[in-house]
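Worksheet for the structure shown next.
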Amino acid sequence: MKREIQHVPYGYEPPASERKGTLVFYDSFEHISDQELAEAARTATERKFTKLVLYPLHEETVRRMTKEPVQAYYKREDRLHEWRREQGLSFITVETLEGKRKKYTPLDSALRHISEVYPSPYFLYLTPEMANLFASYSSFEEWIVKLRLILSETPSTVHPRLEKFPHRWDVAGDGERK
């Protein structure tokens, strides 16, 4: 087999990829509409993320986090898979870790899994309620330096820990807080 030699100019560096990082939509997806999913996909496209990961929470996780009743995990997951197929966008993934575990998964475990599987840098796409809930956890300050938050809309109230790190989060669509 004959090898073909290629020459490149001295100092040549391949062009940097325009797309980088992972946007993780972390939610129960119980009350998230198709329009809100499309907005998350639009944000991922506009900000040039490599992946948009939809991370549905198991019923036990939602029960411990919010005390709200939700549909069965597989029903919410099936809806996300159906929506993803309808969009026809290859960079969207539905994460199934919680479906495999079939029990409560702490946010720390979920974030560690994401950091092992997907390319960095990491951004969490959260509703204002979920962002305030995340900020209420003791591990928030450990994680906020490793990732950034993109909120789906401007929050009416902001948790004090979110106020402490205003440079680590913004609102989708406008790129800045109002």
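Observations, loosely collected:
- Test for K103: is it open to solvent by 20 Å² or more (accessible area, probe 1.4 Å) and within 18 Å of Y122 (Cα to Cα): no
- Scanning the range 28-55 for residues that are of a type in the set (A, V, I, L, M, F, W, C) and in a strand (DSSP E or B) gives L52, V53, L54.
- Within the range 62-77, the residues that satisfy the criterion of being more than 19 Å from N132 (Cα to Cα) and open to solvent by less than 100 Å² (accessible area, probe 1.4 Å) are V70, Q71, A72, Y73, R76, E77.
- Residues that are open to solvent by 40 Å² or more (accessible area, probe 1.4 Å) and among the polar types (S, T, N, Q) within the range 84-95 comprise Q87, S90, listed in sequence order.
- Taken as a whole, the range 109-124 holds no residue that is open to solvent by 60 Å² or more (accessible area, probe 1.4 Å) and within 18 Å of I32 (Cα to Cα).
- Some residue of the range 159-175 being in contact with a helix residue (DSSP H, G or I) (Cβ under 7 Å, 6 or more places away or on another chain), in a loop (DSSP other than H, G, I, E, B), open to solvent by 30 Å² or more (accessible area, probe 1.4 Å) and within 27 Å of T96 (Cβ to Cβ): no
The values are calculated or read from the model by the stated rules, or taken from the named source; none is laboratory data. Bear in mind the structure is a predicted one, so any value in this text is a computation, not a measurement. Note that each Cβ is placed from the backbone with ideal geometry, even for glycine, and that neighbours are counted across all protein chains shown. The protein model used for the area step is the full one, side chains on, heavy atoms only, and it has no ligands, DNA or RNA in it. Shrake-Rupley method; radii C 1.70, N 1.55, O 1.52, S 1.80 Å.
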